[in-house]
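Notes for the one structure printed next.
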Amino acid sequence: MNIAAYLILGGIILALVINFAISSNNIFKIVSYCLEQNSVSNYWTMFFKSSFSFRALISSTLGLIVALMIFLVITPYILIRSFSKKESLINAAELSEPVKESYLNSEVQKTKEDPNRFMPK
């Protein structure tokens, strides 16, 4: 191979490394958000909005592979963490209360009876 081929190959590898670093940075921000929220429900939507582009298909595909591997690692961790929490979001008293009673006691019903609800504040 001549020197021009090495320069082109080096440029391609350098571009892929730079794109990989940028993609990894975006993925780690998404992972930290998912760990804060204790949910992976927004993982893929945030990934495709921030890190995937059809104009940079090769680097986006490499980022997708890394994102898939990281997703497979953090999903069990988040599931275990969410199921092992000591506090529950819904307590047993709320589950035993009938739906109609909970609706009548809700804020929606209280604001329905407010005569000033259409008045400007």
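The values are calculated or read from the model by the stated rules, or taken from the named source; none is laboratory data. Keep in mind that what you see is a predicted model, and the values were worked out from it rather than measured. FYI the Cβ positions are ideal-geometry reconstructions off the backbone, even for glycines, and counts take in every protein chain you see.
Looking at segment 34-89, which of its residues are at pLDDT below 85, in a loop (DSSP other than H, G, I, E, B), more than 19 Å from PHE20 (Cβ to Cβ) and not hydrophobic (A, V, I, L, M, F, W, C)?
Within segment 34-89, SER84, LYS85, LYS86, GLU87, SER88 meet the criteria.
If the Cβ limit is 6 Å and pairs must be 6+ apart or interchain, which residue in segment 34-58 that is under 13 Å from ILE70 (Cβ atoms) pairs with which residue that is among the small types (Gly, Ala, Ser) and assigned to a helix (DSSP H, G or I)?
As it stands, the answer is PHE47/ALA67; SER51/SER23; SER51/GLY63, since those pairs meet every condition given.
Please go through (1) within 18 Å of the chain's Cα centre (by Cα); (2) surrounded by 11 or more Cβ atoms within 10 Å (Cβ to Cβ) for THR45 and return the number of the only condition it doesn't satisfy.
THR45 satisfies all of (1) within 18 Å of the chain's Cα centre (by Cα); (2) surrounded by 11 or more Cβ atoms within 10 Å (Cβ to Cβ) except (2).
Could you tell me which numbered condition LYS29 fails, if it satisfies all but one of (1) assigned to a helix (DSSP H, G or I); (2) within 22 Å of PHE83 (Cα to Cα)?
(2)
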